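Enquirer: One structure is given below, represented as structure tokens, and several questions about it will come after.
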Amino acid sequence: MTDKTYSRIHISRAGSVTRVTIDNPPVNLLDVALMVEIRHYLLSVRDDPTIRVIVFQSADPEFFIAHVDMTLIDEPQAFDEVARDAPEGLNPFQAFGELLREQPQVTIIKLAGFARGGGAEFVAAADMAFAAEGRAGLAQCEALMGITPGGGATQYLSSRMTRGRALEVILGADLVDAATAERYGWINRALPAAELDDFVDRLANNIAALPEGVIAAAKKALPAEDLQEGFRREHDAWAGLFERPAAASLIRGGLKIGAQTKDGERKLEDLLRGLEI
Amino acid sequence: MTDKTYSRIHISRAGSVTRVTIDNPPVNLLDVALMVEIRHYLLSVRDDPTIRVIVFQSADPEFFIAHVDMTLIDEPQAFDEVARDAPEGLNPFQAFGELLREQPQVTIIKLAGFARGGGAEFVAAADMAFAAEGRAGLAQCEALMGITPGGGATQYLSSRMTRGRALEVILGADLVDAATAERYGWINRALPAAELDDFVDRLANNIAALPEGVIAAAKKALPAEDLQEGFRREHDAWAGLFERPAAASLIRGGLKIGAQTKDGERKLEDLLRGLEI
Amino acid sequence: MTDKTYSRIHISRAGSVTRVTIDNPPVNLLDVALMVEIRHYLLSVRDDPTIRVIVFQSADPEFFIAHVDMTLIDEPQAFDEVARDAPEGLNPFQAFGELLREQPQVTIIKLAGFARGGGAEFVAAADMAFAAEGRAGLAQCEALMGITPGGGATQYLSSRMTRGRALEVILGADLVDAATAERYGWINRALPAAELDDFVDRLANNIAALPEGVIAAAKKALPAEDLQEGFRREHDAWAGLFERPAAASLIRGGLKIGAQTKDGERKLEDLLRGLEI
């Protein structure tokens with residue numbers, strides 16, 4: 001496997017740590033191609049015991065993963081390739097998060113910029129996440145598109161924070177800064193932006209240096225929670241809204257006025273709130 | 001329904017947001033009349049899709065809801081009207097909280113002053129709560145009256161914070177300030193007092209402006225936890241103590257030295273701790 | 001029972017509060033003798049209704065409980081006495097924590113110094129813990145010895161913090177300061193070091209002064225979570241690693257270069273990370 005396998009992510013390896021740098025301009029949209037590449041990479045190293053830690057970071061200091069490609073609304077068949085491999089009982093977006101959540105390696109998110117929607121779900125599906133104060137932002141902004149999160153967020157948030165905070169995140173639909181995300185338990189820690197790289201590097205290297213078997217034993221003692229029943233509820237809630245005209249209208253409307261461009265994504269919530277339903 | 005239906009609460013509506021202002025001088029005691037009015041209001045709007053968000057606030061800047069009327073100790077029959085409608089397996093106070101917790105609208109507490117006992121349970125039963133730094137206070141002070149919380153607090157706290165913190169709140173029985181309540185997960189956030197109104201207004205309006213169906217879908221994906229078994233344990237623990245002479249003696253003693261007056265309620269914990277058992 | 005019953009702990013009693021001062025120089029190692037004495041004390045007061053609160057503190061301002069005696073690796077039979085009384089389904093270290101967790105009195109940790117490994121598990125098994133900012137430290141550093149925690153930490157941490165934070169604590173294996181431990185929910189609160197004694201004294205006295213039956217009722221309403229299944233997973237994960245040569249090599253190596261001495265314990269993580277596997 002060489003870097004040439006991938007065009008939207010770059011893989012660099014040092015010892016037992018690999019870094020996956022997401023580089024899908026202009027805003028690191030979670031489009032089909034990016035999902036396919038990340039999925040391929042995770043599967044390709046799944047049984048490789050020489051890789052112990054996977055750090056996800058972004059080539060773009062402003063955007064980690066913007067969110068799922070909103071043009072999906074007009075090209076649902078584009079996700080067929082992703083959907084084909086989803087396990088029974090999971091929709092393709094839930095399956096994508098679960099693939100990450102079940103990765104045997106330790107997965108760490110280095111969050112220097114924004115992650116919304118499916119991007120925030122990717123952050124929450126990883127084992128750990130560290131975010132830059134004053135720069136990072138997390139949002140489940142689906143409500144502004146007339147839907148609820150459908151790729152795991154309702155359950156990932158529920159296992160991390162009180163129901164009241166999860167409802168605030170999902171229905172308030174604001175961009176949450178790193179300090180608040182830490183207080184809510186959404187991420188492990190908020191760190192001064194200048195310290196983020198060193199902190200994550202040191203942690204990743206320390207974990208990678210542990211004796212053989214320790215990572216697997218820790219994950220055995222602390223298994224990922226079984227969220228199947230919640231995923232079904234989440235999917236039903238999401239699908240019921242996604243079929244309504246409001247969702248299509250808001251998503252197409254958002255695209256027309258700047259969503260998925262760098263400028264539009266800097267103030268995506270304001271932009272979407274300005275649309276007429 | 002006009003304001004004249006109610007004498008202890010005022011209802012004001014703007015768009016799909018209603019504000020319920022509790023106004024039951026001198027300290028917003030949760031007496032039978034206030035419970036009946038709040039219950040009546042919640043039931044009356046339960047099936048009204050034009051109301052999406054209900055904000056609870058207080059006419060008294062110092063007291064949100066003081067606590068359940070302590071004179072109950074000598075007039076248990078006064079609560080018969082409330083008790084009559086309690087679902088099987090819930091005592092009247094638990095049933096009151098559960099009515100709020102199951103409200104289809106989004107319920108938000110704006111906490112500028114103190115809420116103790118049943119008042120704190122009301123706060124915890126709502127979907128979200130925001131509190132003023134330096135002014136708001138929450139307490140489960142029942143232990144100082146010789147009892148444990150009997151209206152849901154033991155279970156609401158358990159689902160929000162670690163057992164150690166819930167035990168500290170219940171057995172330490174101190175007034176907890178907004179910042180600590182936020183750190184413990186008891187409320188969503190502590191905010192500078194001057195920002196509380198604007199923050200809650202904006203959040204309420206933003207949620208009310210979401211497309212139809214989004215609130216219901218979010219509540220479907222994040223259902224209120226089933227706490228029946230815990231409520232039974234809570235009621236048994238509470239009832240066993242309530243029948244003891246110490247409870248009656250402390251509650252009557254507290255009333256004699258200033259509980260349920262503005263002055264007494266400002267330092268209720270000190271006042272109750274001064275009583276001989 | 002007099003102080004002479006014990007040589008590694010000192011018992012002092014004032015009213016219904018007892019203070020257990022751990023004094024096992026040089027670093028308050030959790031050796032067989034200390035485990036036996038603490039166990040004996042807990043059992044001896046278990047049915048004593050005149051004792052309501054037990055505060056654990058250390059005679060050494062730097063170390064609360066260093067960790068389990070690492071020489072166990074070469075004297076496993078030393079723990080036979082402790083193991084003999086462990087309930088079915090629990091290893092001796094889990095049984096020790098569970099004994100504390102099931103104590104009918106309210107148990108409070110006053111943490112002025114470091115507690116690692118089995119010492120940190122002891123802290124987490126108590127009902128409440130308060131720690132001195134700038135001085136206290138908690139660590140599950142077992143990973144640096146080639147093992148995962150085997151005395152309850154994986155489950156105690158899981159019930160207190162998000163899985164991501166528990167994995168960070170266990171695999172990152174760093175000393176966690178009081179402020180971070182509070183944010184993660186590991187302890188109740190971090191307090192200024194100068195206020196720790198007064199805070200804990202006041203809380204212990206207030207709880208001890210509650211009317212009869214209130215403590216028992218609170219513990220009935222908030223029972224300790226059943227962690228049996230998790231303990232089995234934890235033990236299996238731990239035991240699988242403990243049998244490997246890396247664990248023995250790291251533990252013996254650590255002992256050779258200063259573990260279990262005051263100097264070595266001040267920087268135990270650095271010391272262990274310097275060992276070749």
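Enquirer: Looking at segment B:203-234, which of the residues that are assigned to a helix (DSSP H, G or I), surrounded by fewer than 21 Cβ atoms within 10 Å (Cβ to Cβ) and not small (Gly, Ala, Ser) is farthest from the other protein chains (Cβ to nearest Cβ)?
Expert: By that ranking, first place goes to B:228.
Enquirer: What residue, among those in segment B:22-34 that are β-branched (Val, Ile, Thr) and touching a helix residue (DSSP H, G or I) at 6+ places or on another chain (Cβ under 6 Å), is least open to solvent (accessible area, probe 1.4 Å)?
Expert: Step by step, filter segment B:22-34, then rank; the result is B:27.
Enquirer: Go through segment A:35-71 and report how many residues are out of contact with any strand residue (DSSP E or B) (no Cβ under 6 Å at 6 or more places or on another chain), buried (at least 18 other Cβ atoms within 10 Å of the Cβ) and hydrophobic (A, V, I, L, M, F, W, C).
Expert: Qualifying residue count for the region: 6.
Enquirer: Take the residues of segment B:121-141 that are over 17 Å from residue B:102 (Cα atoms) and without any contact (Cβ under 8 Å) to a residue 60 or more places away in the chain: which is nearest to the other protein chains (Cβ to nearest Cβ)?
Expert: Among residues in segment B:121-141 that are over 17 Å from residue B:102 (Cα atoms) and without any contact (Cβ under 8 Å) to a residue 60 or more places away in the chain, the one nearest to the other protein chains (Cβ to nearest Cβ) is B:140.
Enquirer: Further question: Among the residues of segment B:85-95, count how many are touching a residue at least 60 places away in the same chain (Cβ under 8 Å) and buried (at least 19 other Cβ atoms within 10 Å of the Cβ).
Expert: Residues in segment B:85-95 being touching a residue at least 60 places away in the same chain (Cβ under 8 Å) and buried (at least 19 other Cβ atoms within 10 Å of the Cβ): 3 in total.
Enquirer: Scan segment A:72-84 for residues that are open to solvent by 30 Å² or more (accessible area, probe 1.4 Å) and touching a residue at least 40 places away in the same chain (Cβ under 8 Å) and report the count.
Expert: The number of residues fulfilling the criteria is 3.
Enquirer: Would you point out the residue of segment A:235-248, among those that are facing another protein chain (nearest Cβ under 9 Å) and closer than 22 Å to residue A:274 by Cα, that is surrounded by the fewest Cβ atoms within 10 Å (Cβ to Cβ)?
Expert: Only one residue tops the list, namely A:244.
Enquirer: While we're looking at this one, here's another question. Output the residues belonging to segment B:172-181 that are surrounded by fewer than 21 Cβ atoms within 10 Å (Cβ to Cβ) and part of a strand (DSSP E or B).
Expert: B:177
Enquirer: Counting just the residues of segment A:182-202 that are over 19 Å from residue B:186 (Cβ atoms) and open to solvent by less than 20 Å² (accessible area, probe 1.4 Å), which one comes out nearest to the other protein chains (Cβ to nearest Cβ)?
Expert: A:188
Enquirer: Looking only at residues in segment C:96-143 that are open to solvent by 10 Å² or more (accessible area, probe 1.4 Å) and more than 26 Å from residue B:166 (Cβ to Cβ), which one is nearest to the chain's Cα centre (by Cα)?
Expert: Of everything passing the filter in segment C:96-143, C:114 is nearest to the chain's Cα centre (by Cα).
Enquirer: For segment C:241-261, name all the residues that are in contact (Cβ under 8 Å) with a residue 60 or more places away in the chain, closer than 16 Å to residue C:29 by Cα and outside any helix (DSSP H, G or I).
Expert: C:259, C:260, C:261
Enquirer: Among the helices (runs of 4 or more DSSP H) confined wholly to segment C:61-171, which include 3 or more residues that are out of contact with any Phe, Trp or Tyr (no Cβ under 8 Å at 6 or more places or on another chain) and at pLDDT 95 or above?
Expert: C:92-101, C:153-158, C:163-167
Enquirer: Here's a follow-up. Considering only segment A:145-161, how many residues are facing chain B (nearest Cβ under 7 Å) and surrounded by fewer than 24 Cβ atoms within 10 Å (Cβ to Cβ)?
Expert: The number of residues fulfilling the criteria is 1.
The values are calculated or read from the model by the stated rules, or taken from the named source; none is laboratory data. It should be emphasised that the depicted structure is a prediction, and the values quoted were computed from it without experimental measurement. FYI the Cβ positions are ideal-geometry reconstructions off the backbone, even for glycines, and counts take in every protein chain you see. Protein only, heavy atoms only, side chains kept; ligands, DNA and RNA dropped before computing areas. Shrake-Rupley method; radii C 1.70, N 1.55, O 1.52, S 1.80 Å.
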